[in-house]
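All remarks here apply to the structure that follows.
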Amino acid sequence: MKWFPRILLLFLVPALQAQDLGRAQGFPADPVISAVYDGDRLYLGTQGSGVYEMLDGFIRPSTRFKKFKRSSIFSFSVGDSGLVPEVQGDLQAYPLEVTNNYGTKYIITADGVQIVYSDAAIQISDKASGIWRMTLGFERLNFLRIGSELVTLDVTEDELDRLNFKGLIFDLGPTDYGLLLSTEGGYYQWNQAESTWKKVGSGMPIFAFDGAKARTPLGHITLNKLLDGQWTLDDFEPIPERQSHPKYYDVDTADELYYGAYADGIDVFNEDGIHYSLGMARGLPAFRPGNYDVAIIGNNLWVATPMGLWKFDNKGVPNSLRHLHIDFTANGLTIPSFEDLEVEPTSIGFTTTHKKSSSAPIHGRYRINSDSWNTFTPGEPVLFVRPAPGNYTLDIQTSHRLDFEQGINAHFEYSISARWYKSPLFWSIAIIMIASGIWYRQRKAKIQIQEKLQLQERLADAELASKRLQMNPHFLFNALDAISNFIFKNQPKDAVQYMGKLTKMMRLTLDSSRSTSLVVADEKELIEKYLDLCILRYGRFNAEVEVDDDLDPYDYHIPTMLVQPLVENAVQHAMRPLLAEGKEGIIRVQFSLEASSVQITITDNGPGFDPARKASKSHGLAIIEERLHLLSKKYGGEFSLHYNRLGAKHSPDGMQVSLIVTMENDG
């Protein structure tokens, strides 16, 4: 029996949410006696003033049928050329009703046009209502409470039963006694075979069934004990408080979706967020706290509230948008699109317009260059002030749904050009020219610096050569003095032996004079030859020349004529005084590696000296320190000489001289 919803629909159509167009929207002053929907608009035939058309929420005289502007249009027909107004016929009684292809109804009266969208709520009753959904056996049943009346519907909205009860209907639920209904007048049990309710008793009112327990005016009690009548006041417990939602008065579920009721309507959502809303725009009233139930019956959504019962077609989903029009602006003027924008516009923007097909509000969002979404209100302009030059993409989405399903999407690509002096090409050329000028000046300055450094290096080399020339005669004079001393003492054999060793040493010295540096191995051999000469001349003393294992003597170089003068200084000022006193003399020369530098340490057990006073008086040490300064300027590394008076560590005091040189190695 499907007559129940249909009869209610006929009586309750005026209660639907509607949009009214009256005189303020251009409704004609002359009576409207015919109407038709053709193409994308509604046409109204008037008595004496021709045809009017409705477009974008306004009514105006039709330019399509302007030749009928003084005619009475009794009806419209469709001919070979399309829609044809008929100037003869019978008058039709109000209201006139026209339905377009999308289910939208236009109801015309003497005062205006009422637009009723197909997804608006249909009010079934204004009495407090509730819904229970139960599966009994293999049958799914829906029980609708409408005031004190209970209507039973199957899944196709066919009515199975209808009963009026005395007083209030409290609750319905499955129990050990079957499906029970609690009312102010007693308890009722559902008879599955006869699809009706039968009274099975009365007693204390049961406000709600909570599983195995019941809520009563006295408190919470076990249901079986209450129905058996075997209870006392001690059997009642305090009623547990219902869990409340921070936003919603009540939350129900249907088809794996949640329906949350609050003051402005119902949000339909799941774990991902709100899909859409059912509010006053869709025909629901403002809500107040209470119990709210929903159910999908057939293809319709039923909503039961303390203010009444409503039904939505298509499970409550709003109609899809049918049309999207976008107006573009630049510098406040309308333009066809963003394709040919002016250079650096002050502002650009867009406005969306739609042909309404739903009573639901339209939501909009946009994003630039696939960035995060921004919301906007359709129909209101969206402006971008002083957009930066560059290439852009613009995505626009509009929908009746908050999740933007079943909406309309638009995608645009556009570019904003900079003024010529702000363009990347201009700045690229300018940067290249500036960089070229800077590079040229830096290169010129670098060449000048290199030439100056080369001149300084040549001067340093000349000074080094001069110092070496000063050192060689100094050593040679000492050697010749030693030979003359042997001859003077009538020691010809020692003079000949000394002359032979001197010849070998001079050959090594002459070979090294062809370069500015020697490998450590050659320097070691030269020092050993020199010490041999000194032992022959002055007498025997202990002489050790060592190279550490971590120093490869063939990889590292040291400047010539630096080590030998220091060894000679140790012989003259340490060994000779000790030998004159008959004491044992010790000289130790050690080559070691310190980081990337070669350190030559010369240690003796002589009387030592004050480094400051000795260095200032010794011409040889002064020459060495000057050479080290020039070498440091030339090579940039460390070239230094350090003195350390050993004190009580040796007997007598002893002296340690450390020479540090840093030159490129062959490793």
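For the stretch 364-419, give me every one of the strands (runs of 3 or more DSSP E) that falls completely inside it and has 2 or more residues that are in contact (Cβ under 8 Å) with a residue 60 or more places away in the chain and assigned by TED's automatic domain parsing to the domain that holds Asn331.
390-399, 408-416
Evaluate the following for Lys315: is it outside any strand (DSSP E or B), within 29 Å of Asp20 (Cβ to Cβ) and either in contact with an Asp or Glu (Cβ under 9 Å, 6 or more places away or on another chain) or in contact (Cβ under 8 Å) with a residue 40 or more places away in the chain (or both)? Spelling it out, Lys315 is indeed outside any strand (DSSP E or B), within 29 Å of Asp20 (Cβ to Cβ) and either in contact with an Asp or Glu (Cβ under 9 Å, 6 or more places away or on another chain) or in contact (Cβ under 8 Å) with a residue 40 or more places away in the chain (or both).
Looking at Thr351, Thr329, just one residue is outside any loop (DSSP other than H, G, I, E, B), within 30 Å of the chain's Cα centre (by Cα), surrounded by 15 or more Cβ atoms within 10 Å (Cβ to Cβ) and at pLDDT 90 or above, and that residue is Thr351.
Residue count for the stretch 21-36 satisfying the condition of being of a type in the set (Lys, Arg) and either at pLDDT 95 or above or not assigned by TED's automatic domain parsing to the domain that holds Ile108 (or both): 0.
Take the conditions (1) modelled with pLDDT of 85 or more; (2) surrounded by fewer than 18 Cβ atoms within 10 Å (Cβ to Cβ); Ile527 misses just one of them, which is (2).
Quick one: in the stretch 384-405, of everything that is of a type in the set (S, T, N, Q) and under 23 Å from the mean Cα position of the chain (by Cα), which residue is surrounded by the fewest Cβ atoms within 10 Å (Cβ to Cβ)?
Asn391
Among the conditions (1) acidic (Asp, Glu); (2) at pLDDT 90 or above; (3) within 30 Å of Gln19 (Cα to Cα), the only one that Glu405 does not satisfy is (2). When the stretch 570-592 is filtered for residues that are part of a strand (DSSP E or B) and surrounded by fewer than 16 Cβ atoms within 10 Å (Cβ to Cβ), nothing remains. Given the structure, is Leu144 more than 23 Å from Tyr37 (Cα to Cα), loosely packed, with under 15 Cβ neighbours inside 10 Å and in contact with a Leu (Cβ under 7 Å, 6 or more places away or on another chain)? Here the answer is no, as Leu144 does not meet what is asked.
The values are calculated or read from the model by the stated rules, or taken from the named source; none is laboratory data. Just so it is clear, the model here is predicted, and its values are computed rather than measured. Counting neighbours? That spans all protein chains shown, and the Cβs are built from the backbone with ideal geometry, glycine included.
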